[in-house]
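Worksheet: the structure to be examined is printed underneath.
The values are calculated or read from the model by the stated rules, or taken from the named source; none is laboratory data. Please read these numbers as outputs of a predicted model, since none were measured by experiment. Positions of Cβ are backbone-derived with ideal geometry, glycine not excepted, and every protein chain shown enters the neighbour counts. Surface areas here come from the heavy atoms of the whole protein model, side chains and all, with no ligands, DNA or RNA. Shrake-Rupley method; radii C 1.70, N 1.55, O 1.52, S 1.80 Å.
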Amino acid sequence: MVLNPVISKLAGKLVVLASASPRRLEILSNAGLRFEVVPSWFKETLDKGLFKAPHEYAVETAKQKALEVARRMPFHLKTPDIVIGADTIVTVDGMILEKPVDKDDAYRMLSSLSGKEHSVFTGVAIVLCHEKENEEVDYQLIEFYEETKVKFADLSDDMLWEYINSGEPMDKAGGYGIQALGGMLVEYVYGDFLNVVGFPLNHFCKQLDRIYNRCTSSSDQQTESIRPSHNGTHATSALTQPPPKLSAQSSHSPSSPAKHNPTSGSRPNSSAASLHEVDRNGSANEADGSCCTLVNSLSKHTEDREANLRDSENTLPLMTSRGQVIELNVTEQEDSEPKKEDLQQIVDLMDGFKASKALFTASKMCVFDLLQSRPGLDAAQVAQEIKASVKGTQCLLEACVSLGLLRSKERPCKKPVFENTNLASCFLLTDAPCSLRGYIQHCNDTVWPLFSHLESAVWEGANQREKAFGKTSTDMFQDTFHKRQEVQLRFMNAMHSIAKVTGQAVATAFDLSRFKTACDLGGCTGAMAYEFTKAHPGLSVTVFDLPAVVEMSEHFHPLHTDNRMSFVGGDFFKDELPKADLYVLARILHDWPDEKVHILLSKIADACSPGCGLLLSEIFLDEDRGGPRRGLLQALSMSEGSQRSATEYGLLLKSHGFTTVHVRHTDSLLDAILCIKA
């Protein structure tokens, strides 16, 4: 069961994931689903004692998450077609284990799982939204859950605390992540592995398949519709000529596989209340049938959205967690016709530079800032504001729609108007908390010119700064830091924006409670250091960078209102380093030649006493150097430095007396290694 058969049916529909979980996002993205992320504001405070079974609690939480987003979006953005909510819990000995609140709570959870089999439940709610002519919205629900059995090995306290101190348990249900270091705790899994990660993809796909690919009409059955009343409450009502309900599946215990009949059409480890009509006791009525009427009722705006959707081919690449595409069971034939998806992949690569430049141009012209403050402008109005031609602006706006950065809305007998997508609002606004606008400008002004001379860079194996900018420098940052202040601030703004986006993941990658003082070498504006002080209240951080950088860092304050942050000017290759228990090197080593890397690491090693730490954060290449793509493309800039794998970085640090303690592949743009001075 894969998502391919229904992906075309979802083309043109606004699909929303009501969860900020990076694991659910990755699972659904890798399955080929196009969606936007709108985290739910529902507080997960339901009384567990009110539910007869653990899965009922997970399903109800998922339902409330999805409904909150479905009800909120029409007031602030637009009405979605489909909202997906999910909640994962771990249960053992009748207790529900969610995310631990601290290390002691994590120990309590993990020790209760040691040597035992436990259940992982994920409740999923799919809300189908149907706009009516009176601007009301009907919400129809599909609810189901998945159960997977997991058996832990007998774990010693030392192993438990080593795992807890890695930091991984703190945002995971049950206190462990099976897809990462937590996998070493597991003896066996019976059921859907991805369900333990956080989302039952197989069961989800089957539900979508029933909705979109097995449609027959029936007039004698009803599905639940939740409609907002005029006083703001939500009442249930039956739709006229509703779709029939899907057959509910009975639950089979994964620990009793002999009871499962492979020919029965049901499946072990799952239970579903389908397009549901739940009675007052919480049980689901059963009926056979499918949902053609429901699908047809959701077709409003489909044609408009299809015009704005890109990459809607029925393709499903199988991807690893690092973004690598894996081809399985493919037999190449010399005389075979090229596949449509293969052709599209090549076309996407050929057009990639056009997409980048469209993003750069729209950002530079402040299109996203304008549409955030004044959504619903047409092309002529935008052109007037940004002082550009109407034709050029129209083409730019339409291109941004195709890239998923803007939406267009048709108006009867009027020109279409434009507004930001969530993607643009999150990353492309000047004042957004996760704004990448400064780094985008750096890519446009510095990286783009370098890559326009890529052929020469490959021939010569050297950076092309002279061809791109008409000058050379013995110091890679000499041009930046000895030119006018405008250029210096532009570079610092780029480093500031990327550090704000990546800083939290790096700062929370490890338990740093043993360290009291840290020094962020090359810390620029202090954005990364600030994330360390937020994540670790007992830690004071000194930012050490060139005097010119320290002098101008005040332009990026008052980000730092805490006396646990300080700035010291100096050259980390020449000057004495500030004393600290922990040294941080984030996005530093990849830029420098081996000679200078060894000089810097030697200086850090000399400054460290035994037990001091070194936290290194870079893009880690896969061991076979097959990915990730971002690191390999970055290497094409032909800087004097090198892109390395985690193993290569570990060996480099070991040569300077540091022992690798933990390696963390984060869900952000940077990975991290924590080492201790022997």
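As an exercise, use a Förster radius of 51 Å and the Cβ-Cβ distance of Ala380 and Ala462 to find the FRET efficiency, rounded to the nearest 0.05.
Working: r = 47 Å, r/R0 = 0.92.
Rounded to the nearest 0.05, the efficiency is 0.60.
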Problem set entry | the range 589-678 shape via C-alpha gyration tensor axes, a/c threshold 1.5 | oblate
Seminar exercise, completed: Measure of exposure for Phe658: accessible area at 1.4 Å probe, Å² rounded to 10, is 0
Problem set entry | the range 65-86 versus the range 426-467: alpha-carbon centroid distance in Å | 36
Problem set entry | lysines with Cα under 26 Å of Lys52, excluding same-chain neighbours fewer than 8 positions away | Lys43, Lys63, Lys65, Lys99, Lys116, Lys149, Lys151, Lys172, Lys245, Lys259
Exercise. Which percent, to the nearest 5, of DSSP beta bridges fully inside the range 15-129 are antiparallel?
Worked result: 70
Problem set entry | Solvent-accessible area per residue for the range 568-678 (1.4 angstrom probe, square angstrom) | 42
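For Ala678 and Lys415, calculate 0.36 nm times their separation in residues minus their Cα-Cα distance, and state this gained length in nm to one decimal.
Value of the extension gain: 87.9 nm.
Please compute the net charge surrounding Lys116, taking Lys and Arg as +1 and Asp and Glu as -1 over other residues with Cβ under 13 Å from its Cβ.
On the way: positive: Lys149, Lys151; negative: Asp93, Glu117, Asp154, Glu187.
Its environment carries a net charge of -2.
Heavy atoms only, 1.4 Å probe, whole protein assembly: order Trp41, Trp448, Trp592 by accessible area, highest first.
Details: Trp41 170, Trp448 80, Trp592 20 Å².
Ranked from most to least accessible, the order is Trp41, Trp448, Trp592.
Please give the contour-minus-distance gain from Lys574 to Leu343: 0.36 nm per residue of separation, less the Cα-Cα distance, rounded to one decimal in nm. List each step's numbers first, then the result.
Working: separation 231, 0.36 × 231 = 83.16 nm, distance 5.26 nm.
Roughly 77.9 nm would be gained on extension.
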Exercise. With all protein chains present, how much of the accessible area of the range 1-145 (probe radius 1.4 Å) comes from carbon and sulfur, to the nearest whole percent?
Worked result: 52
For this session: Report, in whole Å, the centroid distance computed from the Cα atoms of the range 595-668 and the range 172-214.
Result: 33
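Per the Kirkwood formula on distinct C-alpha pairs, the Rh of the range 3-121 is how many angstrom? Write down the numbers at each step before the final one.
On the way: mean 1/r = 0.0618 Å⁻¹.
Evaluated over the range 3-121, this radius sits at 16.2 Å.
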Exercise. Got a number for the accessible area of Lys596? Probe 1.4 Å, square angstrom, nearest 10.
Worked result: 70
For this session: Work out the charge dipole of the range 55-151 with +1 on the Cβ of Lys and Arg and -1 on the Cβ of Asp and Glu about the Cα centre, then indicate which of Gly94, Ile126, Phe144 is farthest towards its positive end.
Result: Gly94
Exercise. So what does the Cα-only Debye profile of the range 55-99 read at q = 0.14, 0.15, 0.22 Å⁻¹, as log10 I(q)/I(0), no solvent term?
Worked result: -0.42, -0.47, -0.73
Exercise. When all protein chains stay in place, what accessible area (Å², nearest 10, 1.4 Å probe) is found for Glu341?
Worked result: 80
Seminar exercise, completed: Rounded to 0.05, the calculated FRET efficiency for the beta carbons of Ser566 and Cys434 at R₀ = 30 Å is 0.70
Exercise. Cα gyration tensor of the range 357-401, axes a ≥ b ≥ c as square roots of the eigenvalues: rounded (a/c below 1.5), prolate (a/b > b/c) or oblate?
Worked result: rounded
Seminar exercise, completed: Under the 7 Å Cα-to-Cβ spin-label approximation, Ala11 and Lys387 lie apart by a distance in nanometres of 4.2
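Top to bottom by accessible area (1.4 Å), largest first, where do Ser645, Ser425 land?
Details: Ser645 5, Ser425 35 Å².
Highest to lowest solvent-accessible surface, that is Ser425, Ser645.
Taking 0.36 nm per residue of separation and subtracting the Cα-Cα distance, what length does fully extending Tyr188 through Ser642 add?
Working: separation 454, 0.36 × 454 = 163.44 nm, distance 3.98 nm.
Taking Tyr188 through Ser642 to full extension adds about 159.5 nm, to one decimal.
So, counting K/R as plus one and D/E as minus one, what does the shell of residues with Cβ under 15 Å around Lys48 add up to?
On the way: positive: Lys43, Lys52, Lys99; negative: Glu44, Asp47, Glu56, Glu60, Asp87, Asp93, Glu98.
Here the count lands on -4.
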For this session: Can you figure out the FRET efficiency of Thr517 with Ser111, using R₀ = 35 Å and their beta-carbon distance, to the nearest 0.05?
Result: 0.60
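Quick one: net charge of Leu521's neighbours, Cβ under 12 Å, K/R +1, D/E -1? Working shown, then result.
Values: positive: Arg587, Lys603; negative: Asp520, Asp545, Asp571, Asp575.
Taking every other residue near Leu521 into account, the sum is -2.
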